[in-house]
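Bear in mind that the values in this text are calculations on the coordinates, not laboratory data. Since we're looking at a predicted model, the values are computed, not measured. Because the Cβ atoms are built from the backbone with ideal geometry, glycine has one as well, and the counts that use them run over all protein chains shown.
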Amino acid sequence: METREAAPGDLELVRRFVNTRNVERGTDGLAGPAELVAWLEEHSLVARASAGPADVVAARQLREAIRALLLENNGVSTRKEAALTLNRTARAAGLALAFDPDGGARLEPAARGVAGALGRLLAIVAAAMADGTWTRLKACRADDCRWAFYDRARNRSRHWCSMAVCGNRTKARAYRDRHAAA
Ligand SMILES: [Zn+2]
């Protein structure tokens, strides 16, 4: 399951970041500053950093803003505040274009620490938007799930992280609702 839903390349980091919060179980891998730094270090987004409560708030806000974009990718319209959060994060990171001697270009954060690490995640999002992989990264339509998965279906038709779990549960509920109405 984990490998089947994994995103290609660095985009997998973004997927894992969104999934640090497990909506169904009510757990949060970014519970506090120590957990946040540990996660960022473990995923090589920062070498050594210190974090405070404000960093945790910023990271969680970014996470939910990205989740909102992933719901949009799955045909679910969300409130439009996500862009504000993304722009605020980009500004705090000091994201700027950096050109390689061999001709490539990418976004790089000027900020260090947590702000820079969150900027790296945004740079991955922007690169995925440019290379076309972005629209396949989705958040599950089930409102008690919202798990991020990469849609590898040829026609990009996946709506749920798992048809067996979320898909069937949602269909069963719709069936009950129809019959309750009738
Ligand atoms: Zn799901």
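For region 1-62, run through the trypsin sites (Lys or Arg not before Pro) and keep only the ones in DSSP coil with at most 11 other Cβ atoms within 10 Å of their Cβ.
Here the trypsin sites (Lys or Arg not before Pro) that fit, given the DSSP loop and packing criteria, are Arg4, Arg25, Arg48.
Hey, fewest Cβ within 10 Å first, where do Thr89, Thr20 land in order?
Thr20, Thr89
Could you give the distance between the Cα centres of region 127-182 and region 45-124, to the whole Å?
24 Å
Are there any trypsin sites (Lys or Arg not before Pro) in region 64-131 that are in a DSSP loop and have at most 12 other Cβ atoms within 10 Å? List them by number.
Qualifying residues, ordered by number: Arg79, Lys80.
When the helices in the chain are scored as -39500 (n - 2.57) per DSSP H run of 4 or longer and the sum is shared across all residues, what 222 nm value do you end up with, to the nearest 500 deg cm²/dmol?
Here the helix-only value at 222 nm equals -14500 deg cm²/dmol.
Please identify the longest segment of the chain free of exposed GluC sites (Glu not before Pro), where exposed means a DSSP state other than H, G, I, E or B and no more than 13 other Cβ atoms within 10 Å.
No qualifying site falls inside 82-182, the longest such stretch.
Using Cβ contacts closer than 10 Å as the measure, can you line up Asp55, Asp151 from fewest to most?
The fewest-first ordering by Cβ neighbours comes to Asp151, Asp55.
Starting from 0 in steps of 5 Å, tell me what percent of the Cα-Cα pairs of the chain lands in each bin.
The calculated distribution, bin by bin, is 1, 8, 15, 20, 19, 15, 10, 5, 3, 2, 1, 0, 0, 0.
Neighbour counts of other C-beta atoms within 10 Å: give me Val56, Val165 arranged from fewest to most.
The most exposed by this proxy come first: Val165, Val56.
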